[in-house]
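Enquirer: There's a structure below that I have some questions on.
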Amino acid sequence: GQSLEQPSEVTAVEGAIVQINCTYQTSGFYGLSWYQQHDGGAPTFLSYNALDGLEETGRFSSFLSRSDSYGYLLLQELQMKDSASYFCAVRDWGSYKLIFGSGTRLLVRP
Amino acid sequence: DAGVIQSPRHEVTEMGQEVTLRCKPISGHDYLFWYRQTMMRGLELLIYFNNNVPIDDSGMPEDRFSAKMPNASFSTLKIQPSEPRDSAVYFCASSSTGQGAEGANVLTFGAGSRLTVL
């Protein structure tokens, strides 16, 4: 089976940088995805890492280390609108089921 | 494309009533997923379809839940009879494997159906 662990809450100041970590246990690995969900909204896809290293998309970057079963999402130049929940996710081995972590609630303060 | 369309957005019903949630996936997407989200259990996958065929329904809580996908552009999730513990936000999502491995990890979610069972 698959399991993911991420912190439940993170608080940061507007303009700062924040890192949200995710560790996973899988019987096989297809890659690590990240989703953002604002209160009352739907999850939206942010990034996907299949190989080790850093993927950058604007202010957001995602990192993966397969040897450590670890990844993180890095948000730079934080804005108030970044306050949301962030989920890491992995595909179940041998299927197309996407399993989500419990989510990290990010609060950006002025 | 209008994205994944779900209806109704909100449903309030009484225990014992039948509830039907509807979903129209993105045209051309070959996978459709039904998720349920609650504070206690997070985002749980209930069932998913590939080319209209149910592939894995191991997440369906019990026989009161059923899902169908009669064609590529429509799916339903039915709860009969409904119970208060079914209160949750139900999301439909679709994806396309036409983009390779990454495509299978990129789900587009609908806005969700918030169900309250009294």
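The values are calculated or read from the model by the stated rules, or taken from the named source; none is laboratory data. This one's a predicted model, so the numbers in the text were calculated from it and none came from an experiment. Here the Cβ positions follow ideal geometry from the backbone for every residue, glycine too, while neighbour counts run over all protein chains shown. In case anyone asks, the SASA skips ligands and DNA or RNA and just uses the protein heavy atoms, side chains included. Shrake-Rupley method; radii C 1.70, N 1.55, O 1.52, S 1.80 Å.
Enquirer: Conditions first: (1) free of Cβ contacts under 8 Å to residues at least 12 places away in the same chain; (2) surrounded by 18 or more Cβ atoms within 10 Å (Cβ to Cβ); (3) closer than 25 Å to A:Trp93 by Cβ. A:Gly53 passes all but one, so which condition is the exception?
Expert: Evaluating A:Gly53 over (1) free of Cβ contacts under 8 Å to residues at least 12 places away in the same chain; (2) surrounded by 18 or more Cβ atoms within 10 Å (Cβ to Cβ); (3) closer than 25 Å to A:Trp93 by Cβ leaves (2) as the failure.
Enquirer: For segment B:89-118, what are the residues that are under 20 Å from B:Glu14 (Cβ atoms) and either hydroxyl-bearing (Ser, Thr, Tyr) or within 14 Å of another protein chain (Cβ to nearest Cβ) (or both)? Break it down into steps so the answer makes sense when it comes.
Expert: Quick first cut of segment B:89-118, residues under 20 Å from B:Glu14 (Cβ atoms) only: B:89-90, B:113-118.
If the condition is that a residue be under 20 Å from B:Glu14 (Cβ atoms) and either hydroxyl-bearing (Ser, Thr, Tyr) or within 14 Å of another protein chain (Cβ to nearest Cβ) (or both), then B:Val89, B:Tyr90, B:Ser113, B:Arg114, B:Thr116 are the ones that fit.
Enquirer: Could you tell me which residue of segment B:17-60 is farthest from the other protein chains (Cβ to nearest Cβ), considering only residues that are surrounded by 16 or more Cβ atoms within 10 Å (Cβ to Cβ), more than 18 Å from A:Asp92 (Cβ to Cβ) and aliphatic (A, V, I, L, M)?
Expert: Ranking the candidates gives B:Val19 first.
Enquirer: Right, next: Taking B:Met15 as the residue in question, decide whether it is touching a strand residue (DSSP E or B) at 6+ places or on another chain (Cβ under 8 Å), in a loop (DSSP other than H, G, I, E, B) and without any contact (Cβ under 8 Å) to a residue 24 or more places away in the chain. Talk me through it step by step, then tell me what you get.
Expert: On the way: touching a strand residue (DSSP E or B) at 6+ places or on another chain (Cβ under 8 Å): yes; in a loop (DSSP other than H, G, I, E, B): yes; without any contact (Cβ under 8 Å) to a residue 24 or more places away in the chain: no.
Here the answer is no, as B:Met15 does not meet what is asked.
Enquirer: Search segment A:70-110 for residues being open to solvent by less than 40 Å² (accessible area, probe 1.4 Å) and small (Gly, Ala, Ser), and hand back the single one that is nearest to A:Ile17 (Cα to Cα).
Expert: A:Ser83
Enquirer: Does A:Ser61 satisfy the criteria of being farther than 14 Å from A:Gly31 by Cα and either open to solvent by 20 Å² or more (accessible area, probe 1.4 Å) or not in a loop (DSSP other than H, G, I, E, B) (or both)?
Expert: yes
Enquirer: Here's another thing I want to ask about it. For A:Gly41, work out the one condition from (1) of a type outside the set (Phe, Trp, Tyr); (2) in contact (Cβ under 8 Å) with a residue 60 or more places away in the chain; (3) at the interface with chain B (Cβ under 10 Å from one of its Cβ atoms) it doesn't fulfil.
Expert: For A:Gly41, the failing item is (2).
Enquirer: If you don't mind, there's one more thing I want to ask. Kindly evaluate B:Gly28 against the criterion of being touching a residue at least 60 places away in the same chain (Cβ under 8 Å) and closer than 19 Å to B:Leu118 by Cβ.
Expert: On the way: touching a residue at least 60 places away in the same chain (Cβ under 8 Å): yes; closer than 19 Å to B:Leu118 by Cβ: no.
No; evaluated as a whole, the condition is false for this residue.
Enquirer: Are any of the residues in segment A:7-14 closer than 30 Å to B:Asn50 by Cβ and at pLDDT 95 or above?
Expert: No.
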